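Trainee: Supplied in structure tokens, the structure appears directly below.
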Amino acid sequence: MTKFIFITGGVLSALGKGIAASSIGALLESHGYKITLQKFDPYLNIDPGTMNPFQHGEVYVTDDGSETDLDLGHYERFTSTKTTKDHNWTAGQIYEEIIRKERKGEFLGKTVQVIPHVTNEIKKAFYAAADKNDVVIVEIGGTVGDIESQPFLEATRQMRLSLGHDQTVIIHLTLVPFIKTSGELKTKPTQHSVRELQAIGIQPDIILCRTDRALHQDIKAKISLFTNVPLEAVITAKDVDNIYEIPLDFAKENLDKIILKQLNLPKKKRSLARWTTLVKKMKSPRDEVDIALVGKYAGLQDSYMSLNQALYHGGIAHQFKVNISWIEAEDIETQGPEEILGDSDGILVPGGFGVRGIEGKIRAVTYARKQKVPFFGICLGMQAAAIEFARNTADLENANSTEFNARTPHKIFIKWRELKGVKDLGGTMRLGQYPCNLEKGSFAEKAYGSLRIYERHRHRYEFNPEYEETLAKAGLFISGKNPDHDLVELVEIKDHPWFLGCQFHPEFKSKPLDPHPLFKAFIGASHAYRSKRNTDKRKS
Ligand code: GLN
């Protein structure tokens, strides 16, 4: 029978519950157990697809095309689990289902209530991803005490009651802050947040203490005494420079052993060698590369979480440190590309929506193309690359996507449903995994080492087939196509060290232990460019 680990959070949000859950997943996998992870978000939106990325961070897309919370990205990066719609639930989805049932008369005239109806629906969702897994790790979003979180915590309490201690582990993540003025670590916030849990009938089994320094035994003893949690189950979760160290840090605190003991799961031989090697490699880079990321940030890098990580993974593949400069595309419109991009070893234009900054992105492409700086365009970045090529190489003046100029004389990108021969699929976005056939000898084929790939999409606009021939004749290499709909998925420029734009989002499938081939190739090309530039500089 599948066992459950519930992870709740206290004191404040953004303590890294998702990464903690993922690291626990990695540890259990290192013992050979089959695990998966789920996230329950207490907000009322049905999914984060329509939420502001500056507020909510990246929307992570799964193979089945669900738009999910960014924590699911951590789940897939740290473990071998494949997430789907069954792995991310919001209060909005749960309530929608209840209301649908109520309208259909499925409650047989009963009063529909939070307990038991909402909690039953939540408990059903806890089992949605259980499948053949030994353990499901359930992350409860929000913090204890939030009004919205209550039904999820109540459902957790009921799971413990019905399944017992050897089928469930409840882990509470809190903050143990260091107060500079008194020079002390403070346990009071932890005491209070555990008391809030206890007040609703939940006794945590393990306390994960987020802190900036190792916790001494006496602090742990105090937390143990006040929270009713055994001393050995008070775990230090110290801040780290590199999130991939966390599974190893937790292992040092014996977190995996405590969990396995409680769940009555035999301790198998733990094998963390791949994680140890990974961290060692990251700590001793052979060299570095400077990558310019030309996007729209408003200061929040969480909206490019997977991309950020995929770039680091590309570095890990070569044992290089990747330095990312976050560049506002609009600054390129005012200051020009040379000044801003002049020191970069590689230029990446990521995905995005809306017209703001698009001309700056296109100018960044011109710069990369002409100066022969390695270029990687992802989704909107690929569209910017094709538009730039249409305007400046194929002489199609004012070429654009209809997203940015509906009246452009050359519609290089148009909405999918406007395309002849492709039926309207209901939604307006192309979402989830699609196959793509690659051309022999392309940068893509060399990177993947295969002629058929599968990647995830999230976009509304598609390369307009009417312009394929014109742009190809002018020298744009169409190196990848969707075999079912004959859609252009990849464009490249041959006479260039590395210039590639893809309509899909490869960053969603990159992992630290298995870096994505396109990111590996891009970082490799950027490093070669850096070395060449350094040699040229020395010569002159
Ligand atoms: N805005 C573009 C589109 O909808 C690109 C989307 C993206 O980059 N994810 O097609």
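Trainee: How many times 2.2 N^0.38 Å is the alpha carbon radius of gyration of segment 144-250?
Mentor: 1.13
Trainee: Could you tell me which GluC sites (Glu not before Pro) in segment 322-418 are loop residues by DSSP with no more than 13 other beta carbons within 10 angstrom of their beta carbon?
Mentor: Those that pass, being in a loop and sparsely packed, are GLU397.
Trainee: If you don't mind, another one. Just the C-alpha atoms of segment 451-497: what Rg/Rh do they give, with Rh taken as the Kirkwood radius?
Mentor: Taking Rg over the Kirkwood Rh, I get 0.97.
Trainee: Compute the Cα gyration tensor for segment 431-540, then decide on rounded, prolate or oblate, letting a ≥ b ≥ c be the square roots of its eigenvalues: rounded whenever a/c is under 1.5, prolate when a/b is larger than b/c in the other cases, and oblate in all that remain.
Mentor: In terms of gyration-tensor shape, oblate.
Trainee: With everything on Cα atoms, drop me the angle between helix 217-227 and the longest principal axis of the chain, reported from 0 to 90° to the nearest 10.
Mentor: For helix 217-227, the angle is close to 70 degrees.
Trainee: Under a Cβ-only charge scheme (Lys and Arg +1, Asp and Glu -1), can you give me the dipole magnitude of the chain about the Cα centre, in debye to the nearest 20?
Mentor: For this selection, approximately 1440 debye.
Trainee: Dividing the alpha-carbon radius of gyration of segment 1-126 by 2.2 N^0.38 Å (N being the number of residues), what value is obtained?
Mentor: 1.16
Trainee: Right, here's the next one. Would you please give the residues with an amide H less than 5 Å from that of TRP498, counting only those at least 5 places away or on a separate chain, with H modeled from the backbone geometry?
Mentor: PHE375
Trainee: While we're here: In cubic angstrom, how much convex hull volume per residue do the alpha carbon atoms of segment 70-207 span?
Mentor: With only Cα atoms used, segment 70-207 gives 152 Å³ per residue.
Trainee: Ordered by packing density, taken as the mean number of other Cβ atoms within 10 Å over each peptide's residues, highest first, how do 25-38, 448-461 rank?
Mentor: Numbers: 25-38: 22.3, 448-461: 17.6.
Result, highest mean first: 25-38, 448-461.
Trainee: Keeping all protein chains in place, calculate the accessible area per residue for the chain (probe 1.4 angstrom), answer in Å².
Mentor: 43 Å²
Trainee: Further question: Near LYS509, which aspartates and glutamates are there with a Cα under 16 Å away, not counting those fewer than 8 places off in the same chain?
Mentor: By straight Cα distance, LYS509 reaches GLU58, ASP63, ASP64, GLU67, ASP69, ASP71, GLU76, GLU455.
Trainee: Next question, about the same structure. May I ask you to list the GluC sites (Glu not before Pro) in segment 129-194 that are in a DSSP loop and have at most 16 other Cβ atoms within 10 Å of their Cβ?
Mentor: Hits after loop and neighbour filter: GLU148.
Trainee: Let me ask something additional. Tally the DSSP beta bridges in the chain and give the antiparallel ones as a percent, rounded to 5.
Mentor: 35 percent
Trainee: Would you list which lysines come within 26 Å of LYS101, measuring only between C-alpha atoms, while excluding same-chain residues fewer than 8 positions from it?
Mentor: LYS39, LYS85, LYS110, LYS123, LYS124
Trainee: Continuing with the same structure: Please report the orientation-averaged projected area of the chain, defined via the convex hull of its C-alpha atoms, in nm².
Mentor: Averaging across all directions leaves 28.6 nm² for the Cα convex hull.
Trainee: Find how much the distance from GLU439 to ARG407 grows on full extension, using 0.36 nm per residue of separation minus their present alpha carbon separation; answer in nm with one decimal.
Mentor: 8.2 nm
Trainee: Sticking with this structure for a sec: Quick check on my link table: of LYS3/LYS252; LYS82/LYS281; LYS370/LYS539; LYS180/LYS361, which ones sit more than 32 Å apart, alpha carbon to alpha carbon?
Mentor: LYS180/LYS361
Trainee: Need one number: % antiparallel among DSSP beta bridges in segment 1-158, to the nearest 5.
Mentor: On the way: 2 of 16 bridges.
Counting DSSP beta bridges with both partners in segment 1-158, the antiparallel share is about 10 percent.
Trainee: On C-alpha positions alone, give me the angle between the axis of helix 305-318 and the longest principal axis of the chain, in degrees, nearest 10.
Mentor: That works out to roughly 70 degrees.
Trainee: So how tilted is helix 380-392 from the main axis of the chain? Cα-based, degrees 0 to 90, rounded to 10.
Mentor: Approximately 10 degrees, to the nearest 10.
Trainee: Here's another thing I want to ask about it. Carbon and sulfur together cover what percent of the accessible area of the chain at a 1.4 Å probe radius?
Mentor: Its accessible area is 50 percent carbon and sulfur atoms.
Trainee: Take the alpha carbon gyration tensor of segment 175-320, find the square roots of its eigenvalues, order them as a ≥ b ≥ c, and report rounded if a/c is under 1.5; if not, report prolate when a/b exceeds b/c, else oblate.
Mentor: Taking the square roots of the gyration eigenvalues as a ≥ b ≥ c, segment 175-320 is prolate.
Trainee: Across segment 333-481, how large is the tail of the calculated P(r) beyond 18 Å, expressed as a percent of all Cα pairs?
Mentor: Working: 6693 of 11026 pairs.
So the pairs more than 18 Å apart make up 61 percent of the total in segment 333-481.
The values are calculated or read from the model by the stated rules, or taken from the named source; none is laboratory data. This one's a predicted model, so the numbers in the text were calculated from it and none came from an experiment. As a convention, Cβ positions derive from the backbone with ideal geometry for all residues, glycine included, and neighbour counts pool all protein chains shown. Note: areas computed on protein heavy atoms with side chains; ligands, DNA, RNA excluded. Shrake-Rupley method; radii C 1.70, N 1.55, O 1.52, S 1.80 Å.
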